[in-house]
Amino acid sequence: PPHVNEAARGRVEFKVGDACQLATDAKELGSFDGVIASNLICRLPDPLKFLDGLERVVKPNGVVILATPFSWLEQYTGKERWMGGFNDEATGEAVRSKEVLEAEMLSRGFIKIHEEQMPFLIREHQRKYQYVISEVTGWKQKAA
């Protein structure tokens, strides 16, 4: 953007890759002070692989921002890999995605530093929109 000066542009780096291959590609990608994953987790074929890779690409004290509506669909993620959004077959208890995500992030050495609900709008076509509310959480990687 023209309003961002050259010095600021030199401090920012964007990379594109397969979110489920972060652990494999970590050496090539390098490590980052921050990672933003918006509307991603419930669209991955294996969301836990993505979380596994975060440990390798986020620097100590680095921050991860996850925004997700937890709208699990089998066309993206096989039901056996859903992180909640269903009832436990044995107990009938609801398995909540927010709680599963928190447990998974904590087990990978991240500490929750922020949480909020954030609305967003998706335009499907000229006369149809989706109004969605995402769960947004911030996580800090523990120092090495």
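The values are calculated or read from the model by the stated rules, or taken from the named source; none is laboratory data. Source: prediction; values computed, not measured. All Cβ positions, even for glycine, are placed from backbone atoms using ideal geometry, and neighbour counts span all protein chains on display. For accessibility, only protein heavy atoms count, side chains too; no ligands or nucleic acids. Shrake-Rupley method; radii C 1.70, N 1.55, O 1.52, S 1.80 Å.
Points to keep in mind about this one:
- Highest GNM mean-square fluctuation among Asp25, Asp88, Asp52, for the chain modelled with Cα contacts below 10 Å: Asp88.
- Between Asn61, Asn39, Asn87, the Gaussian network model of the chain with springs among Cα atoms under 10 angstrom shows the greatest mean-square fluctuation at Asn87.
- Using R0 = 30 Å, the C-beta based FRET efficiency linking Lys98 and Asp18 works out to 0.75.
- Our helix-only sum for the chain, with -39,500 (n - 2.57) per DSSP H run of n ≥ 4 divided by its residues, gives a mean residue ellipticity at 222 nm of -7000 deg cm²/dmol.
- Within the accessible area of the stretch 1-122 (1.4 Å probe), percent carbon and sulfur: 52 percent
- Candidates Val35, Val58, Val132, ranked by Gaussian network fluctuation over the chain, Cα under 10 Å, top entry: Val132
- Under a 5 Å amide H cut-off, with hydrogens placed 1.01 Å from N, Val35 pairs with Val63, Val64, Ile65 among residues at least 5 apart or on other chains.
- Probing with 1.4 Å while keeping every protein chain in the model, the per residue accessible area of the stretch 1-124 equals 65 Å².
- Candidate aspartates and glutamates - alpha carbon under 16 Å from Lys128, same-chain residues fewer than 8 apart omitted: none
- Within straight-line cross-link reach of Lys112, lysines at Cα separation under 28 Å, skipping those fewer than 8 residues along the same chain: Lys15, Lys27, Lys49, Lys59, Lys79, Lys98, Lys140, Lys142
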